[in-house]
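Here, each number is a calculation from the coordinates, and none is a lab measurement. Please read these numbers as outputs of a predicted model, since none were measured by experiment. Note that each Cβ is placed from the backbone with ideal geometry, even for glycine, and that neighbours are counted across all protein chains shown.
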Amino acid sequence: MSSSSSSICRPANFHFPASSRGNYTSVFVRLPVGTKERSFATQFVKNKARPDLGRVQSRRMLGLITAASGQAAVSAEGKPELLIFETEEELSDSLAEYAAELSKKFARERGAFSVVVSGGSLIKSLRKLAASSYVESIDWSKWHVFWVDERVVPKDHSDSNYKLANDQFLSKVPIPPGQIYAINDTLSAEGAADDYEARLKQLVQRDILVMGSTGFPKFDLMLLGMGPDGHVASLFPGHPLVEENSRWVAFIKESPKPPPERITFTFPVINSSSNIALVATGAGKAGPVGGAFGAGSTTDRLPIQMISPVDGKLAWFADKAAASML
Ligand code: 6PG
């Protein structure tokens, strides 16, 4: 295998559209299934191309792309990374490893780890964190868990993002219950957004959350899914909330994705994060992933293209199906 900082290697069955090929700089590491090549490529990722990526490399990662400026959102600390995996299973292994490493780092550095989750299929992809090795090795007492968006329904309702995360992940790991910040489900959408924002402000006062240089809270890690229409959180294409730049938490009463009433973090909060992982699995996400990395037609900017950490890192975790339009 030959790779260099200016060449692109493609695994079998993986194609860049000719139009986008020139938009990528540096690395695309070939990681097909063969053990030998796999370990060689792992070595490459770890020691040469991106020493800092050692923690997120997967034994079976298909490839890694860093996008050039002007394509997908570019963070101040560098270019976003797109990690492509053969299967969702392998993606979820790597996502767990990535979150565990960040947990260790922030617990050590500041004695707390603030984690934000979305709803949707992301939660299933977090399942490996509830596997015994991580249940034992992660210091869950440092975790503080928030929702990037929540449906305004009771916490035991089948539409509740809290219920989804609790059933599939949070109930399986020993995070102190007082450090899981569900919305107040007795309030209206407006009231719940105000209440959640006020609680975030109190947590900044208590140094559980860090205030960013932007004037918005700086979460340690945001784990975000995305919709097939390119929405993130409850920030939908064409909706005025995508332009909201003063509120921390806003409400929406006419979400195009049911249920209609939700609260959501705004882009300034999302973009203040230290680390953002955008997780995309399945062919239904191929359009927005392709759009974010410059493939296909460029019409209106999608919400996922507005993710651009001010002083943080952005990593995309995609399976092969979600990366199929690159
Ligand atoms: C919600 C979610 C939402 C979700 C995306 C992707 O409450 O609806 O938080 O933002 O992350 O819609 O969902 P899927 O991965 O299930 O498509």
Legend entry - For peptides 274-286, 128-140, sequence by mean Cβ density within 10 Å, most packed first: 274-286, 128-140
Inset, instruction - Would you kindly state how much longer the chain becomes between D207 and D300 on full extension, computed as 0.36 nm times their sequence separation minus their alpha carbon distance, in nm to one decimal? - result: 29.6 nm
Inset, instruction - Mind running the shape call on region 173-219? Use the C-alpha gyration tensor, a ≥ b ≥ c as the square roots of the eigenvalues: rounded below 1.5 for a/c, prolate if a/b tops b/c, oblate otherwise. - result: oblate
Inset, instruction - First check a/c for region 237-304, with a ≥ b ≥ c the square roots of the eigenvalues of its C-alpha gyration tensor; if it is under 1.5, answer rounded, and if not, answer prolate when a/b is larger than b/c or oblate otherwise. - result: prolate
Legend entry - Set of aspartates and glutamates with alpha-carbon distance to K218 below 14 Å, sequence-local pairs under 8 removed: E197, D207, D311
Inset, instruction - Compare the Cα positions of P174, G191, L203 along the charge dipole of region 168-209 (+1 at Cβ of Lys, Arg; -1 at Cβ of Asp, Glu; about the Cα centre) and return the one farthest towards the positive end. - result: P174
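Please report K104, K79, K201 as a ranked list, fewest other C-beta atoms within 10 angstrom at the top and most at the bottom.
With the sparsest Cβ surroundings first, the list reads K201, K104, K79.
Going by the alpha-carbon gyration tensor, a ≥ b ≥ c the square roots of its eigenvalues, is region 208-326 rounded (a/c under 1.5) or, if a/c is not under 1.5, prolate (a/b greater than b/c) versus oblate?
oblate
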Legend entry - Calculated FRET efficiency for the pair D229/K253, C-beta based, R₀ 25 Å, to 0.05: 0.85
Legend entry - Relative contact order for region 121-212, counting Cα pairs under 8 Å that sit 6 or more residues apart, in percent: 27 percent
Inset, instruction - Just grab the label-to-label distance for S141 and H157, each label 7 Å out from Cα along the Cβ direction, in nm (one decimal). - result: 3.7 nm
Inset, instruction - List, in the order given, every pair from K79/K128; K201/K320; K105/K257; K105/K253 whose Cα-Cα distance in the structure shown is over 32 Å. - result: K201/K320; K105/K257; K105/K253
